[in-house]
1. What single numbered condition from (1) at pLDDT 85 or above; (2) exposed (fewer than 11 other Cβ atoms within 10 Å of the Cβ); (3) farther than 20 Å from residue 168 by Cα fails to hold for residue 66?
2. Let me confirm something: among 107, 142, 154, 98, which residue is touching a helix residue (DSSP H, G or I) at 6+ places or on another chain (Cβ under 7 Å) and without any contact (Cβ under 8 Å) to a residue 12 or more places away in the chain?
3. Could you list all residues from segment 124-151 that are surrounded by fewer than 13 Cβ atoms within 10 Å (Cβ to Cβ) and either in contact with a strand residue (DSSP E or B) (Cβ under 8 Å, 6 or more places away or on another chain) or under 11 Å from residue 172 (Cα atoms) (or both)?
4. Select from segment 110-123 the residues that are under 18 Å from residue 76 (Cα atoms), surrounded by fewer than 13 Cβ atoms within 10 Å (Cβ to Cβ) and touching a helix residue (DSSP H, G or I) at 6+ places or on another chain (Cβ under 9 Å) and list them in ascending order.
């Protein structure tokens, strides 16, 4: 059985603690897996409570890890809801129409199927888009586009609004639609 030393640091570099881990594992991958299992079982409380850097020393080498506290389901839904509200508000300002849960422009309740922004009556006619909103730290743009296409309503084009922490909001749309919009803006008679 060998000793592996784990040293914890806050993200700002300040020291937290050092512990010795007794393990039979001898490879970096096996030790990292064991550290992850111990963390998930609550045996390494320093890794469960905080965002920390960890220096793992074994076989005379140092290995650096960063553990971030996982986002809760309710926090993830809150992030998504904020982007939906931002999007609904922007459409409302553009169309000069009210937005809210019982209005012609409304964010979809979390967990419901369909587009993330519900547009009815004149709002749908003036803003013919089926919108998918994604506020996540990991972007999987092809999957976002597929979901937007799967939820696309007849007579609309799909549109993805996405963001992540410390990043501006981004819109993704079909390139042909984008160039059609530019042609229409220039007054060209070509376009859809």
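The values are calculated or read from the model by the stated rules, or taken from the named source; none is laboratory data. Small disclaimer: the values here were computed from a predicted structure and weren't measured. We place every Cβ from the backbone using ideal geometry, glycine too, and count neighbours over all the protein chains shown.
1. That leaves (1) as the condition not met.
2. Numbers: 107 fails: without any contact (Cβ under 8 Å) to a residue 12 or more places away in the chain; 142 fails: touching a helix residue (DSSP H, G or I) at 6+ places or on another chain (Cβ under 7 Å); 154 fails: touching a helix residue (DSSP H, G or I) at 6+ places or on another chain (Cβ under 7 Å).
Only one candidate qualifies: 98.
3. Selection gives 141, 142.
4. If the condition is that a residue be under 18 Å from residue 76 (Cα atoms), surrounded by fewer than 13 Cβ atoms within 10 Å (Cβ to Cβ) and touching a helix residue (DSSP H, G or I) at 6+ places or on another chain (Cβ under 9 Å), then 111 is the only one that fits.
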